[in-house]
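Student: Here it is, the structure in full.
Values in this text are rule-based calculations from the coordinates and carry no lab data. Note that the structure is a prediction, hence the values are computed from the model and not measured. Cβ placement follows ideal geometry from the backbone for every residue including glycine, while neighbour counts extend to all protein chains displayed.
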Amino acid sequence: MSKIIAVTGGTGAQGGGVANIMLKTPGWKVRVITRNADGEKAKALVAQGAEVVQADFNDEDSLVKAFEGVHAIFAVTNFWEALFTGNTQQQAGEIEEEQSMKLARAATKTSTLEHYIWSTLPGAKNMTDGKIEVPHLDYKANVDARIKSELPQLANKTTYLFFGYYPSNMAFFPFLKPIEVPGTGKWIQILPTPSTATIPITGDMTITPGTWVRQILANGSKTFGKYAIVASEILTFGELLEIWSQVSGREGAYLETTLDDFAKVWGVAGAEMGAQLKFGEVITDWGTNYPGLISKEDLGITEDDAPGAKKALEALKSFL
Ligand SMILES: NC(=O)c1ccc[n+]([C@@H]2O[C@H](COP(=O)([O-])OP(=O)(O)OC[C@H]3O[C@@H](n4cnc5c(N)ncnc54)[C@H](OP(=O)(O)O)[C@@H]3O)[C@@H](O)[C@H]2O)c1
């Protein structure tokens, strides 16, 4: 009999990538959790063979019901939605932490659960001795600590995932999308970090999230309590822009700005993203402080299974 994985965020980038691959993985059925089971994305997932169940991260009881009978849960929360709807960076973090704990507590009430996969990020505040705060990282890291201290039974079957930077940010996030400079034939990417700064890249978001989840489930208890980075490669921002230029056929120019100026243009979202980039300048290895990180190779993930930034941007060419 097939096992069931509940995929939160299945109508979005991470969960969508998980659902895509798990729907093709023998032995597994996919249950997507969404607030809008009648929406177009939900209908498309049903057409691909998924079950779709309505629940809300703000409503723990709805999550308990949605998780009934599942063997695995992929849990992801969306910091940016709270930020883009009028909250401060800290408030958005608090909302995300609260939602994440509701997900985790609902998971503990799922008697059939064998594996919990939590999409978190490295804690910037902890890793920089309080010098750099990045709420969309720090509040997720708080949740890791709370799962370990408040829900030890769940911690015993949890694998923690750090997602790298999505190449699709260059297509869909206004402040990360290169901008045309009228009359020059050039497109500039303005970021508050040097072009030589590095970042792990998730690669093709329709594939890599599911590849990691499939392999984590296949490796089972070996991955309990461990962290893994969903990344096809590590690139500099300059290299990423070069790939964008090759794929789009446009000449890209990289312009470094200050965090203050970036935030002046893009508001709280710019301040938040810029803070992450400052963190990345200080901590280049996300595995620092996370001993026992499971590598791509440990999980049995090959290059073919993890298409990188070039393939990701080629698939998104019409959105660049
Ligand atoms: N962009 C990057 O490079 C990057 C890198 C690493 C990590 N991240 C992290 O990724 C997270 C966002 O994930 P994503 O990029 O997959 O987001 P996304 O594409 O914007 O999708 C968000 C998903 O979350 C679901 N969702 C949001 N609020 C919900 C609620 N209250 N109840 C139920 N479902 C809810 C949405 O479902 P419905 O709308 O269908 O209900 C949707 O499926 C953020 O926290 C961010 O920090 C981003």
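Student: Sort largest first and round to whole Å: the equivalent ellipsoid semi-axes of the chain, each the square root of five times a Cα gyration tensor eigenvalue. Provide the component values of the computation, followed by the final result.
Tutor: Working: eigenvalues 196, 97, 74 Å².
For the chain, the semi-axes come out at 31, 22, 19 Å.
Student: Something else: If you filter the stretch 180-239 for chymotrypsin sites (Phe, Trp or Tyr not before Pro), then keep DSSP loop positions with at most 16 other Cβ within 10 Å, what is left?
Tutor: Details: sites: 187, 212, 224, 227, 237; in loops: 224.
When the chymotrypsin sites (Phe, Trp or Tyr not before Pro) of the stretch 180-239 are filtered for loop state and at most 16 Cβ neighbours within 10 Å, 224 remain.
Student: Can you tell me what share of the DSSP beta bridges in the stretch 3-319 is antiparallel? A percent to the nearest 5 is fine.
Tutor: Numbers: 7 of 41 bridges.
Antiparallel: roughly 15 percent of the beta bridges in the stretch 3-319.
Student: Which of rounded, prolate, oblate describes the stretch 1-103, given a ≥ b ≥ c as roots of the alpha-carbon gyration tensor eigenvalues and a/c under 1.5 marking rounded, otherwise prolate only if a/b is larger than b/c?
Tutor: On the way: a/c = 2.14, a/b = 1.74, b/c = 1.23.
Prolate, because a/c is 1.5 or more and a/b exceeds b/c.
Student: If I take R0 = 41 Å and measure r between the Cβ atoms of residue 153 and residue 250 in this structure, what FRET efficiency does the formula 1/(1 + (r/R0)^6) give, to the nearest 0.05? Could the numbers behind the result be given before it?
Tutor: Details: r = 52 Å, r/R0 = 1.27.
Computed FRET efficiency for residue 153 and residue 250: 0.20.
Student: Tell me, what is the percent relative contact order of the stretch 3-319, built from C-alpha pairs under 8 Å that lie six or more residues apart?
Tutor: Details: 647 pairs, mean separation 56.0, N = 317.
This gives 18 percent for the stretch 3-319.
Student: As an exercise, find the ratio Rg/Rh for the stretch 164-320 from alpha-carbon atoms, using the Kirkwood inverse-distance average for Rh. Walk me through the intermediate numbers first.
Tutor: Working: Rg = 16.7 Å, Rh = 16.7 Å.
Checking Rg against Rh, the ratio lands at 1.00.
Student: Loop only per DSSP, at most 14 neighbouring Cβ atoms within 10 Å: give me the GluC sites (Glu not before Pro) in the stretch 279-320, ordered by residue number. Please list the in-between numbers first.
Tutor: On the way: sites: 281, 297, 303, 314; in loops: 297.
Qualifying residues, ordered by number: 297.
Student: Sort 286-295, 122-131 for me by packing, meaning the mean count of neighbouring Cβ atoms within 10 Å per residue, highest on top. Please list the in-between numbers first.
Tutor: Details: 286-295: 14.6, 122-131: 16.6.
Listed from highest to lowest mean packing, they are 122-131, 286-295.
Student: When the chain is fully extended, how far beyond the present Cα-Cα distance does residue 177 get from residue 65, taking 0.36 nm per residue of separation? Intermediate results must be reported in sequence, preceding the final value.
Tutor: On the way: separation 112, 0.36 × 112 = 40.32 nm, distance 3.91 nm.
Here the answer is 36.4 nm.
Student: Let me ask another. Pick out, in residue order, every one of the trypsin sites (Lys or Arg not before Pro) in the stretch 136-191 that is DSSP loop and has at most 14 other C-beta atoms within 10 Å; say none if there are none.
Tutor: Working: sites: 140, 146, 148, 157, 186; in loops: 157.
In loop regions of the stretch 136-191 (DSSP not H, G, I, E or B), there are no sparsely surrounded trypsin sites (Lys or Arg not before Pro).
Student: Between beta-carbons, use under 14 Å as the cut-off and find the net charge around residue 173, counting Lys and Arg +1, Asp and Glu -1.
Tutor: -1
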